[in-house]
1. Give me the count of lysine pairs in the chain whose alpha carbons sit under 20 angstrom apart, restricted to pairs 8 or more positions apart or on different chains.
2. Once phi is turned into θ = phi - 60°, what whole-Hz ³J(HN,Hα) does the Karplus curve with 6.51, -1.76 and 1.60 give for every residue of the range 192-198, x standing for Gly and Pro?
3. Each residue of the range 243-252 in turn: what ³J(HN,Hα) in whole Hz from Karplus with 6.51, -1.76, 1.60 and θ = phi - 60°, glycine and Pro shown as x?
4. Go through ALA70, VAL313, PHE229 and say which Cα lies farthest out towards the positive end of the charge dipole of the chain; charges sit on Cβ, +1 for Lys and Arg, -1 for Asp and Glu.
5. What order, most packed first, do the peptides 215-222, 272-279 have when packing is the mean number of other Cβ atoms within 10 Å of each residue?
6. Describe numerically, in nm with one decimal, the distance between label points set 7 Å from Cα along Cα→Cβ at ALA188 and at ALA73.
7. Can you give the FRET efficiency for ASN308 and ALA147, using 1/(1 + (r/R0)^6), R0 = 35 Å, r = Cβ-Cβ distance, to the nearest 0.05?
8. Step through the residues of the range 204-212 one at a time and calculate ³J(HN,Hα) from phi using the Karplus curve (6.51 cos²θ - 1.76 cosθ + 1.60, θ = phi - 60°), rounding each to whole Hz and writing x for Gly and Pro.
Amino acid sequence: MTSDQKTPSDTAPRSPTGAPVAKDWIMAIAPYVPGKAKSDDGRTLIKLSANENPLGTSPVVRDAVRDALADLATYPDPSATALREAIAATHGLDPARVIYGTGSDELLHLAASAFAGPGDEIIYVKYGFSVYDIAARRVGATPVVVADRDYGTDVDALLAAVTERTRVVYLANPNNPTGTFTPRAEIARLLDGLRPDILFVLDQAYAEYLSDDEDDHGLQLAMDRANVFVTRTFSKIYGLAAERIGWGYASAAVIDALHRIRAPFNLTTSAQAAGIAALGDQRFVEQSREHNRVWRGWLAEQMEALGNHGVRVVPSGANFLLILFEGAVGAETVYTALMDAGYATRWLPGQGLPQALRITIGTEAHVKDIAARVRTLVTGEG
Ligand SMILES: *Cc1c(COP(=O)(O)O)cnc(C)c1O
């Protein structure tokens, strides 16, 4: 031991070997489980487990990404100026109040990091997006999980869970993994009931799948209220999950705090170019929304027709369905059979949903094949 090495304080955690010890709240985190792309025996599957766009990506985005490869030696624009301006122009926002992240996941983490710490509470719903739990625990805050109302958001229960220690409330609308949509009036009621010092994070990863009359007016709320932070992503309807592009909108003060802790060059040059190009092709977005509306509706009807075999569909505003198997043939059996047939879907016993499968709306052929296979399985008819 050299003379300038200090012994740890009495309160610092020690391992028997003297190796570094992670904070106990970090070790309490259950690692994020990504949607599968391969079967347990290594086969590549048709991936309906991560809510990616079955139509792929707009062709104009491919050209923009290729062009961005021309200069790989230079750091990307740290301010993502052109992308912020394109986002602001598309949605009628102030570009100075647009923040960007390596996926909206980064932004969800920033919200907890900037506004909560040990001793503080962070609220989200029971069947909420699993990143909220990780984001809360990562900063040492206490997660407060609120019961659902038939898989949907129970605003009264959320409000009842608020204490003087509450700092952040996360809500996805539509929600993942349930797909449930909380109407505009309920969002407004929730916000009206929250103290103004509590940050309300409205995660709109699936907002573009909603019809105009379903809009929860989240961006308007973020324009008007000092405690609303809306997050969006290019990973879902824009078909750009590989580029990791998220953005958010809030008051200037909230955005200022978040910028202080985001990674300095958190959007690559190709990600910024891809986002701008994608915003420019709203026809692709409309086609994706329409494809989803048609085939989600069709699959929901097919599954509801199996109601007397215990199959139930949770109403969805997103690009997936949560299907409940409450009859003789359970979700695990269906999950395994679909995997044997080459499909990755999402079975979520770890999130308290052993009775359910979350299935992303795929191509027409895949949706039809899945519906036929599920029917055969649960009815026992070949
Ligand atoms: C997919 C998803 C996200 C974000 O994903 P990124 O790829 O990190 O932008 C955020 N919230 C919910 C609810 C999601 O389902």
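Bear in mind that the values in this text are calculations on the coordinates, not laboratory data. Just so you know, these numbers come straight off a predicted model, no measurement behind them. Every residue, glycine as well, gets a Cβ built from its backbone with ideal geometry; the counts of neighbours run over all protein chains shown.
1. The result is 6.
2. Once rounded to whole Hz, the list reads 4, x, 8, 4, x, 8, 9.
3. Couplings: 8, 6, 10, x, 8, x, 9, 7, 5, 4 Hz.
4. ALA70
5. 272-279, 215-222
6. Using points 7 Å along Cα→Cβ, the separation is 5.7 nm.
7. So the FRET efficiency works out to roughly 0.75.
8. 9, 4, 10, 4, 5, 7, 7, 7, 4
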